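Below is one structure, written out as structure tokens, with a few remarks after it.
The values are calculated or read from the model by the stated rules, or taken from the named source; none is laboratory data. Owing to the predicted nature of the structure, the values given are computational and were not obtained by experimental measurement. Virtual Cβ from ideal backbone geometry, glycine too; neighbours counted across all protein chains shown.
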Amino acid sequence: MWESGEDSPDRLTALVVNIQHFSTHDGPGIRSTVFLKGCSLSCKWCCNPESLSPKPELACNQERCIGGEQCGYCSAACPEGAILVTSNNVAVDRERCNGCGKCAEVCPPRALKMFGRRMTVTEVLAAVERDQTFYGESGGGLTLSGGECLLQPGFARALLAEARKRGLHTAIETAGNVPWNFMAMVLPQVDVMLHDFKLSDPGAHRDWTGADNRRILENYRRAYEGFPEVRFVARIPLIRGVNDDVAHVRAVMDFIRPYPNVAELELLPFHNFGAGKYELIGRCWDMGDAGTPHGETVARLRALVQTELGYRAAAS
Amino acid sequence: MNAPVRIEALSAQEVALLEGRRAVRDNVSERVLRLFERVRTCGQPRVSLERAVLFTESIRTTEGQPMPLRWAKALRHIAENITVSIFEDELIVGRPNDWFGKYGIIYPELDGSLMQPAVAAFRAHQGFPDSVTITEEDERIINEVLAPYWNGRDFATNFARALPEPSRFITFGPDPRNVAQQTGVVFASQGYRHSQNWTPDHAKLLRGGLKAIREEAKARLVALKHPLDTVEKKPFLEAVIVTCDALAIWARRYAELAGKMADKESDAARRRELAEIAEICAWVPENPARSFREALQAQWFSQCFSRLEEMIGGDVCQGRMDQYLYPYYRKDVDEGRLTRDAAEELFQCLWLNMSQNLQIMLSPTAAAGREGFSHHETVTIGGRTPEGEDATNELSYVLLESTRPLRMSYPELAARIHAGTPERFLHAVAEAIKDGKGSPKIINDEFLVPFYLSHGVSHREALDYAVSGCIESRLINRETHKTGGSAINYGSVLEMALRQGRVKILGDLRFGLETGDPRSFASYDELWAAFKSQLENVIAHIMAQGAVARTLKPRHFAAPYASMLHDLAMDACMDLQRHGEGIPGGLDLCTVDGVGGFGTAIDSLAAIKHLIFDEKKLTWDQLLGAMEHNWEGGEIVRQMCLNAPKYGNGIEWVDAIGHAIHKTALDYLRAHPRPNGLGTILRIIPITFHVPAGRVTSATPNGRVAGEYLSEGISPCHGMDVEGPTVSLTSMARATSSACREKGHNLINMKFSPANLAGEAGTRRLMQFIRSWCRERLSHLQFNIINRETLLAAQKDPEKYRDLVVRIAGYCAYFVELTAMQQAEIIARTEEQS
């Protein structure tokens, strides 16, 4: 599938949403996390909505706009007539916008900004290596996330392989909803795989995330069995009234229990910090303040995991 | 919908504030809590004039005599006559004022000419959070006793008069009579203090007592042979003996007072305490300390006497307390006379004593410099021994823990970190930092030891440095420089490069060189040449000011107490204030300081390079026009500037501008050694001068508005380093990595949200961050770990948050005592989120 030359680090590209330095929740130590664009799920609580679409997307932050009286550079630059500027504000006609990004290039206050920049493996690593002195001390390194990073397996494999060659520890963060051969292709280059269990019931999983979980669970099982040297960290994003119940947590524990290479189970209470980003890209945030689990619930479930799994319960 | 306040986690200090608890931690005695509450509720600080009056009484009777002897006699006069008082609950006694509460000692020999106008300014300022009380009686004393003698005799006036005209002009402006109001284009701090940061060898006093020092001086007197010795050395040694007597007299008066109070005390427990105080003060500091308690009492007398002798910029420092106090602690604990809790309580009594002393300069402009009444009597813990082993011991932990419970910023605790610092110590330090009080600051052995080695110091000596002052350091028996340097305002340098030497806010007068109209610059290199010329010109004036101050000081000051605790001064029989440069074997590191706008200048030059020369998005006319009107009507231009590439984000060419600025100054200093061949070091430390430095800097090409604060230390501009702390730190390392022996100490502030460092995983992350900083060989690092929301709440409701401690520069202060501008600056510092 990957012809020679095409997968050289200088040519292979992916659409990158963001590279986050001093990442502290995505694997061991101090890390840099690379977020790729495009996801095969659409969880209603997603806190990175800008990473869902596989195409570049225009973000419009009206608070930063200085208005058409002074400026208006954006609408002049737009070839599609998709931007409406008023005396003190700006709006994007999402139907017309083709994501070319010309408006963002000329916007002085960066009220208009593109999510998604095509970068080569070499470029991504150059950015990641800016603060590499911190990785060694901390056992940290590179985490590849998304979106769903395994949707671009060629890039992912090449990036992680090159990172390892440069002495960096590698981790990926996945929701598992990809063809098995994508996952199998990348795992040989991975030290730690962080992976989500969103809901237990396939129907409910489809309702909340847009796809059922059968392929996901099958992928996880094959990964545990086929890659004993990889350290797996299971995670449950806890959403109140959706999956913050004993039954789901038990189901996950039962699923991972037989596999010693699933080293940890983390419970991640939902937060709504991503809500603001929905508006920026013209999407709708449906969760409101709902979803944040009660502190007591979280404590109870953590205690359950602690009792049942002992050392495998994550400290957080 | 009102967005809920998003606070994921709170620091220990925030929790204590929200819960209304008296202390951040509970392991603190009722006595300490009572003392703490009394200090915090004693009202605004007052000026304490007793020392000034007694000093003046003595000094006017000794005119014409050698200065060290005059100073010693004045100290004896003070010791014999100053009020002695002991207050309820005190265990460590001695104070230069006669009330319990905050005081500032006044030094009329520094700036006595400015005191009369200052009184008016201070009295007009009553009611502000940083106001100082001056009573009518104080005013009378100043007007009738102090001012008449010191007018025209004080150092500040004579310093300004003695400057070469261009160097005077750049500091004091066009009016030749003005010696008080500085322009801010450069800052001359020589007139504010007798000495820059200083750490006396308190340990010497504890070990041998005054007795040993007096004997040494007597023996040296006998050994004097040369006929010229009677001119300098004999009076110096006589001054040492008089100073020893003076301190002994003062301590004895405390012994007598405690004894009398014990006799009258009805409470049995307090009576025993007073009797013990009497016994201790009758023994130390005349004799060697026999116990931990005696050592602490002698140490406190030593600090106080240093303050009575002179004003040290930032206050007298304490040295490596965990090293020199350890033998006393170990022995008492082993012999069952002391517990760890009792040791912590004694330390807390000492910190509470320190917290009452403030540095107040009675000059009309005093309010503008340091905010929050900063003083930083730095205590050093950790590091390595002279043998190169890790130096931490049980007392390092006792000291660290003793500073954690109380919401106050004293002492200024500094932890020395090195490559081999044990995990246990680093963990304890990280946990303390996470309390959120900004303490301790951390200082890097891996920077400072090579720094000293490059100045020709032995490995053994270099390893024994003490952190001193804000972020500086001292080899306490080797370094001899007491004269502070003047300071660069990088904002003004930049403005002068863009405005042909003129400074807009200062009447558009020309303070710098005529370096050409930027509109005629065809390339970035031409702009850089203009900037470089302006910077070199400013440094030239600063060097001249330093030389004038050093020449003038021996005629105005002496420091027999500091000198008698310094090995080299005693060997040479010379007073440090008279012969700092000339003391044989002394390391005399003359300094130039950069106090504000290092990041502002980098970002401004980067914006011009990017927008005008590289991308050609702007013309000079557009940029200069918008800046001329402080961006009014020029919002597009300002937004372009704000969004140009910024320092602190790992962009190599931007960081390289910082390196070029740093290197320019260092190269210039290296090319112009002092006549004795000694070099000058450059330190980039803000105190809080980046605020007044910003006040005189008009709009800058980084998008900043006129008058706003500049960047501080070598930190990036506020909120502009958006790639996280790791990238930010890497940029700072790159911008200042000039491998030059002149390279001095640089300050770094970091702000984290508590959520980022929550739990044990967070502590480990902070430890890892510090380890990497250590390996990058940066000199200094300090943190504010606090939620932005807490700071905003404190602004709205200062009464509730009156105890909130934040990190300012090389020191901490109460947030609500800062001016609004400084508060805004603290809030704007980047909060590192993940």
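Residue-level analysis places B:Ser306 among those that are in a helix (DSSP H, G or I) and either among the small types (Gly, Ala, Ser) or over 20 Å from B:Ile92 (Cα atoms) (or both). Somewhere in segment B:710-721, is a residue surrounded by fewer than 24 Cβ atoms within 10 Å (Cβ to Cβ) and among the acidic types (Asp, Glu)? No; the residues of segment B:710-721 include none that is surrounded by fewer than 24 Cβ atoms within 10 Å (Cβ to Cβ) and among the acidic types (Asp, Glu). Among residues of segment A:300-312 being charged (D, E, K, R) and surrounded by fewer than 16 Cβ atoms within 10 Å (Cβ to Cβ), the one that is farthest from A:His25 (Cα to Cα) is A:Glu308. Assess whether A:Glu123 counts as being farther than 17 Å from A:Asp26 by Cβ, within 14 Å of chain B (Cβ to nearest Cβ) and part of a helix (DSSP H, G or I). Answer is yes for this residue. When restricted to residues that are among the basic types (Lys, Arg), away from chain A (no Cβ under 13 Å) and under 25 Å from the mean Cα position of the chain (by Cα), segment B:766-788 contains 0.
Each residue in segment B:363-398 was checked for being touching a Leu at 6+ places or on another chain (Cβ under 7 Å) and either crowded, with 20+ Cβ neighbours inside 10 Å or at pLDDT below 95 (or both), and 10 of them qualify. If you check A:Ser53, A:Ser42, A:Ser23 for being hydroxyl-bearing (Ser, Thr, Tyr), closer than 30 Å to A:Leu142 by Cα and within 14 Å of another protein chain (Cβ to nearest Cβ), only one passes: A:Ser23. Residues in segment B:140-168 that are among the charged types (D, E, K, R), surrounded by fewer than 17 Cβ atoms within 10 Å (Cβ to Cβ) and more than 16 Å from B:Asp111 (Cβ to Cβ): B:Arg140, B:Glu144, B:Glu165. Across segment A:13-60, the qualifying residues are those that are buried (at least 20 other Cβ atoms within 10 Å of the Cβ) and of a type in the set (D, E, K, R), and the one among them that is modelled with the highest pLDDT is A:Lys37.
Against the list (1) free of Cβ contacts under 8 Å to residues at least 60 places away in the same chain; (2) touching a Pro at 6+ places or on another chain (Cβ under 8 Å); (3) not polar (S, T, N, Q), the condition A:Pro79 fails is (2). All conditions but one from (1) surrounded by fewer than 19 Cβ atoms within 10 Å (Cβ to Cβ); (2) outside the structural domain of A:Met183 (by TED's automatic domain parsing); (3) of a type outside the set (Ser, Thr, Tyr); (4) out of contact with any helix residue (DSSP H, G or I) (no Cβ under 7 Å at 6 or more places or on another chain) apply to A:Val92; the one that does not is (1). Scanning segment B:636-657 for residues that are basic (Lys, Arg) and more than 9 Å from chain A (Cβ to nearest Cβ) yields a single hit, B:Lys646. Of B:Gln833, B:Gln795, B:Gln822, all but one fail to be at pLDDT 80 or above and of a type in the set (S, T, N, Q); the exception is B:Gln795. Residue by residue through segment A:257-299, note down the ones that are more than 14 Å from chain B (Cβ to nearest Cβ), farther than 22 Å from A:His25 by Cβ and over 21 Å from the mean Cα position of the chain (by Cα). Scanning segment A:257-299 gives A:Arg257, A:Pro258, A:Tyr259, A:Pro260, A:Glu296. In segment B:209-256, what residues are assigned to a loop (DSSP other than H, G, I, E, B) and either of a type in the set (Val, Ile, Thr) or in contact with a Gly (Cβ under 9 Å, 6 or more places away or on another chain) (or both)? Hit for segment B:209-256 is B:Val231, nothing else.
Yes or no, residue by residue, for (1) within 27 Å of B:Glu799 (Cα to Cα); (2) at pLDDT 95 or above; (3) more than 25 Å from the chain's Cα centre (by Cα); (4) surrounded by fewer than 16 Cβ atoms within 10 Å (Cβ to Cβ):
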residue: B:Leu17; (1), (2), (3), (4): yes, no, yes, no
residue: B:Ile59; (1), (2), (3), (4): no, yes, yes, no
residue: B:Arg70; (1), (2), (3), (4): no, yes, yes, no
residue: B:Lys73; (1), (2), (3), (4): no, yes, yes, no
residue: B:Glu80; (1), (2), (3), (4): no, yes, yes, yes
residue: B:Leu91; (1), (2), (3), (4): no, yes, yes, no
residue: B:Gly94; (1), (2), (3), (4): no, yes, no, no
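Please give the helices (runs of 4 or more DSSP H) falling wholly within segment B:598-680 in which 1 or more residues are in contact with a strand residue (DSSP E or B) (Cβ under 8 Å, 6 or more places away or on another chain). Of the helices (runs of 4 or more DSSP H) lying wholly inside segment B:598-680, those with at least 1 residues that are in contact with a strand residue (DSSP E or B) (Cβ under 8 Å, 6 or more places away or on another chain) span B:598-608, B:652-671.
Screening B:Glu536, B:Glu495, B:Glu461 for residues that are part of a helix (DSSP H, G or I) and crowded, with 24+ Cβ neighbours inside 10 Å leaves exactly one candidate, B:Glu495. When only residues in segment B:176-222 that are among the polar types (S, T, N, Q) and surrounded by fewer than 18 Cβ atoms within 10 Å (Cβ to Cβ) count, which is modelled with the highest pLDDT? Only one residue tops the list, namely B:Asn178.
Of all the numbered requirements in (1) closer than 23 Å to B:Cys717 by Cβ; (2) at pLDDT below 95; (3) surrounded by fewer than 24 Cβ atoms within 10 Å (Cβ to Cβ); (4) within 14 Å of another protein chain (Cβ to nearest Cβ), B:His662 misses one, and that requirement is (4). In segment A:69-89, of all residues being of a type in the set (A, V, I, L, M, F, W, C) and surrounded by 14 or more Cβ atoms within 10 Å (Cβ to Cβ), the one that is farthest from the other protein chains (Cβ to nearest Cβ) corresponds to A:Ala82. Of the residues in segment A:108-120, at least one is under 24 Å from A:Leu187 (Cβ atoms) and either away from every other protein chain (no Cβ under 13 Å) or aromatic (Phe, Trp, Tyr) (or both).
Only one of the listed residues (B:Thr736, B:Thr763) is more than 20 Å from B:Thr378 (Cα to Cα), more than 14 Å from every other protein chain (Cβ to nearest Cβ) and in contact (Cβ under 8 Å) with a residue 24 or more places away in the chain. That residue is B:Thr736.
In the set (1) within 14 Å of chain B (Cβ to nearest Cβ); (2) of a type in the set (Val, Ile, Thr); (3) surrounded by fewer than 19 Cβ atoms within 10 Å (Cβ to Cβ); (4) more than 27 Å from A:Val34 (Cα to Cα), the condition left unmet by A:Ile66 is number (3).
Let's see how each residue does on (1) touching a residue at least 40 places away in the same chain (Cβ under 8 Å); (2) under 20 Å from B:Val727 (Cα atoms); (3) not assigned by TED's automatic domain parsing to the domain that holds A:Asn18; (4) not small (Gly, Ala, Ser):
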site	(1), (2), (3), (4)
A:Cys74	no, no, yes, yes
A:Cys97	no, no, yes, yes
A:Pro109	yes, no, yes, yes
A:Arg130	yes, yes, no, yes
A:Thr143	yes, yes, no, yes
A:Cys149	yes, no, no, yes
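Per the listing B:Glu412, B:Glu309, the residue uniquely touching a His at 6+ places or on another chain (Cβ under 9 Å), farther than 27 Å from B:Ala282 by Cβ and buried (at least 19 other Cβ atoms within 10 Å of the Cβ) is B:Glu412.
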